[in-house]
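Enquirer: After the structure tokens below, expect a handful of questions from me.
The values are calculated or read from the model by the stated rules, or taken from the named source; none is laboratory data. Keep in mind the model is a prediction, meaning the values are calculated, not measured. All Cβ positions, even for glycine, are placed from backbone atoms using ideal geometry, and neighbour counts span all protein chains on display.
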Amino acid sequence: MSEFRVTSFRQELKVLAALVCFLAGLELIARMISESLDDDRAHIAQFDELVGELGEKKGAVLGNSLLLHGLDLEQFAQESPDFSTIRVTPVSSAVLDWGHLYERYFLKGEELPEHLFVGFVACAVTLHEAGIPVQEFEANHVDDSKPAELRRLSRHFVSTGSLSQLWERERFDTHQRVQSGLSHVSALIGDQPAHRERVLDYFIDWYRLGLRTNQDWVTGDVESSVERQSSFERMTRFIDMVQAGGTRLWIIPLSQPEYWELNSGLLELIEKKGVGLMDARSIPGMTADDFSDGYHLGESGAEKFTKWFAEEISEKITQDP
């Protein structure tokens, strides 16, 4: 007859302790390598340092990869020596991200910018590679219909005190609340997609591109069956928060290869709130050839946009009596 042995409580505790230590080790490693996962997370890690420079600079530029590629800070310093600025441009971010990161990094700092410039687009986009269309999507950075990148938002942009507000305002279900809460406190969970993509992309050629193409197809298929109503609650909260600190807010509709129309509801909102407008949708001399992929500005486009931006600063701010 075989003998059955029941583990003792002490033995079970040892197993649990080993598991906890293993997970703690993974969490430590995840935190240590977070900044090296991609350029975006390296940039996010610099937010405190960048915001700390506001005592010496008059403005801050807030946006995403469009301004990361489109604004040449070295050229701008030469074009506009009387007005200095920092640039905070996390990739694929939108107004929900900007509102929370402004609260987390800017409002807790010692200085607020005199002027805040927010660049965005709100139109259909077709990305190209070597002149061939490879991806279509709706880029709408200021509308409430844009889905949140929950893990990154919770991990890198939302402050601890704002988690409950995020849950209520965005009407998160229980699963989303748990996931966002865990992402906020854990780099292992919050940066999980980036870790997974980095590892699998190393072993599987074109894994990352294939994954994102598949996600875009699935998302597009789902969204095509769901009617989304345009609204600007997030933008309204963002405007109120920035203006409450005494900062002058400017919004910049950015250039695209084809001219696009601003939503009338957004125009009414910025007029009502007294937000400044710098319209970059039609910069003189800007053509489709100035875009590297049909969405982001290339070298020539960045040069033209930066020169235009410096001229706008001179006309509307530094020469304003």
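Enquirer: If you take the residues of the stretch 62-84 that are buried (at least 16 other Cβ atoms within 10 Å of the Cβ) and among the aliphatic types (A, V, I, L, M), which of them is farthest from the chain's Cα centre (by Cα)?
Expert: Across the stretch 62-84, the extreme among qualifying residues is Leu71.
Enquirer: Could you list, in sequence order, all residues of the stretch 297-321 that are surrounded by fewer than 17 Cβ atoms within 10 Å (Cβ to Cβ) and closer than 28 Å to Ser264 by Cβ?
Expert: Across the stretch 297-321, the qualifying residues are Glu311, Glu315, Lys316, Asp320.
Enquirer: Considering only residues that are in a loop (DSSP other than H, G, I, E, B) and modelled with pLDDT of 95 or more, look in the stretch 92-127 and name the one that is surrounded by the fewest Cβ atoms within 10 Å (Cβ to Cβ). Can you show your working first?
Expert: We begin by selecting, within the stretch 92-127, every residue in a loop (DSSP other than H, G, I, E, B); these are 92-94, 107-114, 121.
Of the ones still in play, those that are also modelled with pLDDT of 95 or more are 93-94, 107, 112-114, 121.
Details: Ser93: 25, Ala94: 24, Leu107: 14, Leu112: 16, Pro113: 25, Glu114: 16, Val121: 23.
Per the criteria, the residue is Leu107.
Enquirer: Ala60 - would you say it is closer than 30 Å to Ile313 by Cβ, in a strand (DSSP E or B) and small (Gly, Ala, Ser)? Before the answer, list the steps.
Expert: Working: closer than 30 Å to Ile313 by Cβ: yes; in a strand (DSSP E or B): yes; small (Gly, Ala, Ser): yes.
In short, yes.
Enquirer: Right, Gly25: closer than 30 Å to Pro257 by Cα and assigned to a helix (DSSP H, G or I) or not? Before the answer, list the steps.
Expert: On the way: closer than 30 Å to Pro257 by Cα: no; assigned to a helix (DSSP H, G or I): yes.
No; evaluated as a whole, the condition is false for this residue.
Enquirer: With (1) of a type outside the set (Phe, Trp, Tyr); (2) under 23 Å from Arg104 (Cβ atoms); (3) assigned to a helix (DSSP H, G or I) as the list, and Glu74 as the residue in question, which single condition is left unmet?
Expert: Status for Glu74: all satisfied but (2).
Enquirer: What are the residues in the stretch 36-55 that are in a helix (DSSP H, G or I), under 16 Å from the mean Cα position of the chain (by Cα) and not hydrophobic (A, V, I, L, M, F, W, C), if any?
Expert: Asp39, Asp40, Arg41, His43, Asp48, listed by residue number.
Enquirer: Can you report the number of residues in the stretch 128-161 which are aliphatic (A, V, I, L, M), under 21 Å from His296 (Cα atoms) and crowded, with 16+ Cβ neighbours inside 10 Å? Before the answer, list the steps.
Expert: Keep residues of the stretch 128-161 that are aliphatic (A, V, I, L, M), which gives 130, 132, 134, 139, 142, 148, 150, 153, 158.
Still in the list and also under 21 Å from His296 (Cα atoms): 130, 132, 134, 139, 142.
Next, from what is left, pick out any that are crowded, with 16+ Cβ neighbours inside 10 Å: 139, 142.
The number of residues fulfilling the criteria is 2.
Enquirer: So, in the stretch 268-298, how many residues would count as being among the acidic types (Asp, Glu) and assigned to a loop (DSSP other than H, G, I, E, B)? Full working, then the answer.
Expert: Step one: list which residues in the stretch 268-298 are among the acidic types (Asp, Glu), which gives 268, 271, 279, 289-290, 293.
So of that shortlist, the ones also assigned to a loop (DSSP other than H, G, I, E, B) come out as 279, 293.
Qualifying residue count for the region: 2.
Enquirer: Of the residues that sit in the stretch 244-287 and are within 22 Å of the chain's Cα centre (by Cα) and of a type in the set (S, T, N, Q), which one is nearest to Ala122 (Cα to Cα)?
Expert: Asn263
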